[in-house]
1. Return the only residue of B:241, B:247 being crowded, with 19+ Cβ neighbours inside 10 Å and assigned to a strand (DSSP E or B).
2. Quick one: residue B:177 ticks every box in (1) crowded, with 20+ Cβ neighbours inside 10 Å; (2) out of contact with any Leu (no Cβ under 9 Å at 6 or more places or on another chain); (3) not basic (Lys, Arg) bar one, so which box is it?
3. Looking at residue A:69, is it modelled with pLDDT under 80 and surrounded by 15 or more Cβ atoms within 10 Å (Cβ to Cβ)?
4. Is segment B:131-151 home to any residue that is of a type outside the set (Val, Ile, Thr), within 12 Å of another protein chain (Cβ to nearest Cβ), without any contact (Cβ under 8 Å) to a residue 40 or more places away in the chain and in contact with a Lys or Arg (Cβ under 9 Å, 6 or more places away or on another chain)?
5. May I ask you to verify whether residue B:211 is in contact with a Leu (Cβ under 6 Å, 6 or more places away or on another chain) and either within 21 Å of residue B:161 (Cβ to Cβ) or surrounded by 18 or more Cβ atoms within 10 Å (Cβ to Cβ) (or both)?
6. Which of the following residues is more than 7 Å from every other protein chain (Cβ to nearest Cβ) and either surrounded by 18 or more Cβ atoms within 10 Å (Cβ to Cβ) or of a type outside the set (Val, Ile, Thr) (or both): A:160, A:139, A:110?
7. Looking only at segment B:250-262, filter to residues that are touching a Leu at 6+ places or on another chain (Cβ under 7 Å) and in a loop (DSSP other than H, G, I, E, B); which one of those is nearest to residue B:285 (Cα to Cα)?
8. Which residue, of A:153, A:103, A:119, A:98, is at the interface with chain B (Cβ under 10 Å from one of its Cβ atoms), modelled with pLDDT of 90 or more and in a helix (DSSP H, G or I)?
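The values are calculated or read from the model by the stated rules, or taken from the named source; none is laboratory data. None of these values were measured; they are calculated from a predicted model. Here the Cβ positions follow ideal geometry from the backbone for every residue, glycine too, while neighbour counts run over all protein chains shown.
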Amino acid sequence: MSPTGLEAVFLANRDKLVRFLVARGAGEAAEDIVHDLWLKLAGRMDGPIGNPVAYLFRAADMLMIDRYRARRQAERRDQAWVEERGDGDASPDPGADRTIAARQEAARVAAALAALGPRAEAIFRRARIDGVPQRQIAAELGISLSTVESDLRTAYRALAELKERLS
Amino acid sequence: MNGGRGGADEQALDWAVRMADPEAADWDGFMRWLEEDPANSARYDRIAAAVQDAAVAAAEPVVAANDVGPVARPTRRWIGGALAAMLVAAVGVGVWSERPQPFAVETAAGEQRVVALADGSSVVLAGGSRLALDRGDARVAAVERGQVLFRVRHDAQDPFDVRVGDLTLTDLGTVFDVKITGRGTRVAVAEGAVMVDPDGAAMRLDPGQAVLSDGRTLRREPRAVADVGSWQDGRLAFDNAPLSEVAEDLSRQLARRVVAAPAVAGRTFRGTIATAGLKDDPVLLGMLLDVDVRQDAGGWTLEPRQ
């Protein structure tokens, strides 16, 4: 793809990306976010991008998910700080506390994934940790794409419910 | 997703699965669904964020990838002696009691070598490279020279750690490339993720991302996934790299010394070089890089065009 290839696609789809960001809850920040998005992507435009339009929307979507996660994490951290103040033997090292919390979360996630059964767990890990396309996972395991989707759905539901319970 | 699940939450679940696929294409349909109800975006975010958080936790049990600032990490290898002794007491035998048995793997210029590690991981050394390993612990490696492509078998309980100079990398399940250049150390990720400097900057690299460390600062760089480790197939991809670095890479891949004369060393090159066709053809290389290639007993020197 020529160096200006992605830029041309970006410019042609800019208004639609803004509309998408608004639909994704960006509100008045949509214009700023689309600008940030381009700055983030501008350096990578030499990659082999099969479907540049989908690539842009996917990047915009992931940016919004990350913003949501960052907000949630900040809220939780403030909350944890408030709770720690009342706790006499709070650790002098907040980093260590966060490490413990992260380990506990990892253990809960591992348990939730294990409860799905080996196939659904393997599919989830392949999709979300290795980043392998769902079509390829289906081919690797010799199962249908709809089975992969259905297992992922079960995994997503379990993980979303786990999150609800914890917060 | 509180208690009774309505149809909208079920739909959000469907979209979260569908749009997380790297090959997701139905962005128009997704946008229509979002615009049907302003609350749909938040429904989707709740699920997508929960799953992303879980994926991060599942990939790495200790380091919270998106945490800002340093995160304490109880690694067995680089912790203080007292804490290490305590852990040995707690764990008893096992990996803790295994003594380090360091050894190194080396390649000559033009050579390429694949090493299978005891844990199922494998590494590929480019020419002119040296990698320190430990028979007592298959989950550590140190790049001492050159370029190494890692294909690490992920184990959340026992992360694979790579040292290169002052830099520590922890894999989060992954294929990544480490290169020592004249400008510093470059790490690029093709699959999975890598945590750079987990005890300090804690910078997470995802596929398509790279970092250049000059010993003091970490600078993020983009890197096309297809180009990470492509040297293994005789393809060197550069994205505005100085000719000095191009020459270093060529020296590793071709069994001959290639240097860039000072007058052109800082010039940048962007493009891909197939090394197979180059072995005995300095003219072709000169055309690719827009330089003259002077050939002598010492090797090839890249010089300004006459």
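1. B:241
2. (2)
3. Criteria not met by residue A:69.
4. First, the residues of segment B:131-151 that are of a type outside the set (Val, Ile, Thr): B:131-139, B:141-142, B:144-147, B:149-151.
Checking which are within 12 Å of another protein chain (Cβ to nearest Cβ) leaves us with B:151.
Still in the running and without any contact (Cβ under 8 Å) to a residue 40 or more places away in the chain: B:151.
Next, only the ones that are in contact with a Lys or Arg (Cβ under 9 Å, 6 or more places away or on another chain) stay: none.
No; the residues of segment B:131-151 include none that is of a type outside the set (Val, Ile, Thr), within 12 Å of another protein chain (Cβ to nearest Cβ), without any contact (Cβ under 8 Å) to a residue 40 or more places away in the chain and in contact with a Lys or Arg (Cβ under 9 Å, 6 or more places away or on another chain).
5. Numbers: in contact with a Leu (Cβ under 6 Å, 6 or more places away or on another chain): yes; either within 21 Å of residue B:161 (Cβ to Cβ) or surrounded by 18 or more Cβ atoms within 10 Å (Cβ to Cβ) (or both): yes.
Answer is yes for this residue.
6. Only one candidate qualifies: A:139.
7. It comes out as B:254.
8. Details: A:103 fails: modelled with pLDDT of 90 or more; A:119 fails: at the interface with chain B (Cβ under 10 Å from one of its Cβ atoms); A:98 fails: modelled with pLDDT of 90 or more.
The unique qualifying residue is A:153.
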